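I have placed the structure first, in the form of structure tokens, so that the comments after it can refer back to it.
The values are calculated or read from the model by the stated rules, or taken from the named source; none is laboratory data. As the structure is a prediction and not an experimental result, all values here were calculated from the model. Reconstructed Cβ throughout: ideal geometry from the backbone, glycine too, with neighbour counts over all protein chains shown. When the accessible area is computed, the model is the full protein with side chains, heavy atoms only, and any ligands, DNA or RNA have been set aside. Shrake-Rupley method; radii C 1.70, N 1.55, O 1.52, S 1.80 Å.
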Amino acid sequence: MTDSPAVPAAPDSLTGGDFPVHWPVGTRWADNDMFGHLNNAVYYQLFDTAINGWIGTRVDWDPLAAPALGVVAESGCRYLADLAFPQQLLVGLAVTRLGRSSVTYRLGVFCAAEPESVAAQPITALGHWVHVYIDRVGRRPVPIPDPLRELMATAVV
């Protein structure tokens, strides 16, 4: 089996250029743990912020009132370098699978204050995140709503 050009063989070979969406995030003093680097749970907050910020600024979608909602079915993170407050970061976002009722994101964290400077930056953390869309009332999987699917399609790699 050969690797697709969109998915390099080694996670640490990914750069910002491998992610169609770049979402800027700042670190906070409280993000550091007792070892002086970002606590592992903070990375999941960064991922959630990037995904929902991207959707919320690109699509007219109210997650509190919509009949369908995306719930996290799976997530993970591989830490490749230390990060700490105060750093300006970018979360790269790519859609690696767009199914009928679920979407899988690849997420990368980069040290860069500006989206223009992230293309050649090395990755510091690599995450994955799966949202499954469910009916708000029945709690059963439903097709991803069209406005969201159209946006997600722009980030497919």
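Observations, loosely collected:
- Highest-MSF residue in the chain out of P11, P20, P86 [GNM, Cα springs under 10 Å]: P86
- For region 31-88, chymotrypsin sites (Phe, Trp or Tyr not before Pro) meeting the loop criterion (DSSP other than H, G, I, E, B) and having at most 12 other Cβ atoms within 10 Å: F35.
- All-pairs Cα distance distribution in the chain, expressed in whole percent, bin size 5 Å: 2, 9, 18, 21, 19, 14, 10, 6, 1, 0
- Taken about its Cα centre, the chain carries a charge dipole of about 500 debye when Lys and Arg each add +1 at the Cβ and Asp and Glu each add -1 at the Cβ.
- Dividing the summed helix terms, -39500 (n - 2.57) for each DSSP H run of n ≥ 4, by the number of residues in the chain produces a 222 nm estimate of -5500 deg cm²/dmol to the nearest 500.
- Across the protein chains, with a 1.4 Å probe defining accessible surface, the residues E116, E74 rank E116, E74 from largest area downward.
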